[in-house]
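In what follows, a structure is listed as structure tokens, so that the remarks can point back to it.
Read-outs throughout are calculated quantities, based only on the coordinates presented, and are distinct from any laboratory measurement. The structure presented is a predicted model; accordingly, all values stated were derived computationally and were not measured. All Cβ positions, even for glycine, are placed from backbone atoms using ideal geometry, and neighbour counts span all protein chains on display.
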Amino acid sequence: MTVQSSTGPVPLSQDPAQPPPALGQPILVLGGFLISPEAYQPMGEELRRLSQQPVVVVPVSKLDWLLTLFPFGWARILDRVATAVQALAAASATGKVTLIGHSSGGIMLRLFLADGPFERRHYRGRERADTLVMLGSPHTAIKATPLRRLVAEQLPGAWFGRTTERHPVRYVSVAGDLPLQDPGVTSTARRLAPTAYRNSTGRSDDRGDGLVPVSAALLAGSETLVLPGVAHGGAFGSRWYGSPDVVQLWWRQLLQPGLGEPPA
């Protein structure tokens, strides 16, 4: 079995007892809009098993997410990210942390890497985080929110990915390609996908994970991975980015050599 990636087909072991080698640094997970931290428990447990490293899921309530309609709401969550990253990096053998953002979380973590200012804060996350994995994150959209447009305009593509940067970051974007006629697809996905895709790319029949089109989830200049049959979240399908077997698939991408200098 293989999964197509930007660096070529990635061979996958069929033996779950043989996990890939550890990356050797702690992991922070920031979830998506209106999704409770409990939903990421299976992902966190699988990441701990694969990496043998501490894994922290940022605690974000539904109220916290509703406040992200405003810049101060983003800052409240990024403040928690900064506190957790500082603690994890202090105990890291590499001095760095791996960031994983699902959906909106991936967009917010792109902003966390920047030097700022944002809401009078300077996060400078790339000083402590050298890898950012984005799972089904809507990087482009015709009807993007103002804050998502801000990230796209001020930090386009894999902005800190160049090896000439003082603190280069490895960007990996993962997209699900979920046929809506598959048995495991929910009625929610079948109902929401056409409108969500049209608002993003202008095509209601686009390919995607049930909420975010493949083309929107693949950040320009990043390493990319498309996973067939994977849904945006548990509300969209039985297998999503946080399902343990799917975690193993995108985790293996991190074991491939980085792309180095991203395309212009």
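Brief remarks follow.
- Verdict on A193 being of a type in the set (A, V, I, L, M, F, W, C) and either touching a Lys or Arg at 6+ places or on another chain (Cβ under 6 Å) or over 21 Å from V212 (Cβ atoms) (or both): no
- Checklist (1) buried (at least 23 other Cβ atoms within 10 Å of the Cβ); (2) in contact with a helix residue (DSSP H, G or I) (Cβ under 8 Å, 6 or more places away or on another chain); (3) under 18 Å from G32 (Cα atoms) applied to P244, failing item: (1)
- Evaluated against (1) surrounded by 18 or more Cβ atoms within 10 Å (Cβ to Cβ); (2) within 26 Å of L218 (Cα to Cα), F70 falls short on exactly one condition, (1).
- Those residues of segment 186-211 which are hydrophobic (A, V, I, L, M, F, W, C) and crowded, with 20+ Cβ neighbours inside 10 Å, in sequence order: A189, A193, A196, L211
- In this structure, S215 does not satisfy being of a type outside the set (D, E, K, R) and either buried (at least 17 other Cβ atoms within 10 Å of the Cβ) or farther than 21 Å from R149 by Cα (or both).
- When Y171 is tested against (1) within 24 Å of D79 (Cα to Cα); (2) part of a loop (DSSP other than H, G, I, E, B); (3) in contact with a Gly (Cβ under 7 Å, 6 or more places away or on another chain), just one condition goes unmet, and that condition is (2).
- Checking each residue in segment 38-80 for being more than 16 Å from G106 (Cβ to Cβ) and touching a Pro at 6+ places or on another chain (Cβ under 6 Å) picks out P42, E46, L50, Q53, P54, P59.
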